[in-house]
Amino acid sequence: MRIMIDGRYLPDSARVNRDLLITLRNIAKALKFGIRYDAQRELVLINTKDSSMPPLPSDNTSDERIEDENARLTGKVICLDPGHGGSDPGALGPTGTIEKDNTLAIAMLLKEKLEKSGATVVMTRDSDTEVASAEATDQEELSARVEVANQSEADLFISIHNDAFTSNTAAGTTTFHYGDKSSVKLANLIQQILAEKLGTKSRGARFASFYVLRYTDMTSILIEVAFISNTVEEMLLSSVDGRDNAAESICDGILKYFKV
Ligand SMILES: [Zn+2]
């Protein structure tokens, strides 16, 4: 449900809710505001100047708004870095799932969602391969990822990983930043939305001195989506729904980051 006051949309949409409608009607009545609910478009129109309510805006306005919404990230360049790849599988789950597959799947879903919102997406890799070469050292491989990000002059760098621990009871979601203000803000936004949507324990947005965070020129975060070493979270990371929820949450966090 969208709410429009004096011809302007409120930035957030709410789930259609009868109680909210009644409350809005009561408030409008008390303040002598005009109010009208367009059920078909799930739109509440409030007019603070005229309690008799002018006609509904044309569908044209609504189309423009939808176009606007699809272009919220226009002009933004986002570099996505699916962790590991090729000769480096990353961590392995108890049933044999592989981190590099999960990170790539989530990143590809995220790419699609960000592009739908108008962003230009640069991938450090978009297939099961190394970014440098199979012979490269770990440092050379990470350096190649940083180089892709810096050369693309991206606004954001987002590295996606799965956490792992020797004990299979370790669980939860963590987002790392390198301490600069914008990265802390992005990490906090994504961490909150991600843990909530996945239903995982939030281990918080934390500082870390990872190579890819240290040497990238832009706002940078590294997300440990969940623990592949935990049997429950391994399933989440390898399932279609779990991956899509992760991508959706990261996308929502990015939209929120650029909103203010
Ligand atoms: Zn990793």
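Read-outs: derived from the displayed coordinates by stated rules, not from any lab. Quick caveat: nothing in here was measured; it's all calculated off a predicted structure. FYI the Cβ positions are ideal-geometry reconstructions off the backbone, even for glycines, and counts take in every protein chain you see.
Sorting 148, 212 by the number of Cβ atoms found within 10 Å of their own Cβ, with the fewest placed first, yields 148, 212.
What fraction of the DSSP beta bridges in the stretch 77-259 is antiparallel, stated in percent and rounded to the nearest 5?
20 percent
Here the gap between residue 10 and residue 50, fully extended at 0.36 nm per residue and compared with their Cα-Cα distance, gives a gain of 12.5 nm. Of the GluC sites (Glu not before Pro) found in the stretch 143-226, those in coil by DSSP whose Cβ has at most 13 other Cβ atoms within 10 Å are 153.
Scanning the chain for trypsin sites (Lys or Arg not before Pro) that sit in a DSSP loop and have at most 13 other Cβ atoms within 10 Å, the longest stretch containing none of them is 50-260. Sorted ascending by nearby beta carbons within 10 Å, beginning with the fewest, 202, 229, 159, 52 become 52, 202, 229, 159. Each Lys and Arg adds +1 at its Cβ and each Asp and Glu adds -1 at its Cβ; summed about the Cα centre, the chain shows a dipole of about 1660 debye.
Which of 5, 27, 221 comes first, and how do the rest follow, when ranked by fewest Cβ neighbours within 10 Å?
27, 5, 221
Taking 247, 71, 30 in turn, the Gaussian network model of the chain (Cα-Cα springs below 10 Å) assigns the largest fluctuation to 30. The orientation-averaged projection of the convex hull spanning the C-alpha atoms of the chain amounts to 16.0 square nanometres.
Calculated [222 nm] ellipticity per residue, helices only, for the chain: -13500 deg cm²/dmol; basis is -39500 (n - 2.57) per DSSP H run with n ≥ 4, divided by all residues, nearest 500. Distance between the modelled labels on residue 180 and residue 39, one decimal in nanometres: 5.2 nm (7 Å Cα→Cβ projection).
Simple rule: put +1 on each Lys or Arg Cβ and -1 on each Asp or Glu Cβ in the chain, find the dipole, and look at 216, 204, 94; the Cα lying farthest toward the positive end is 204.
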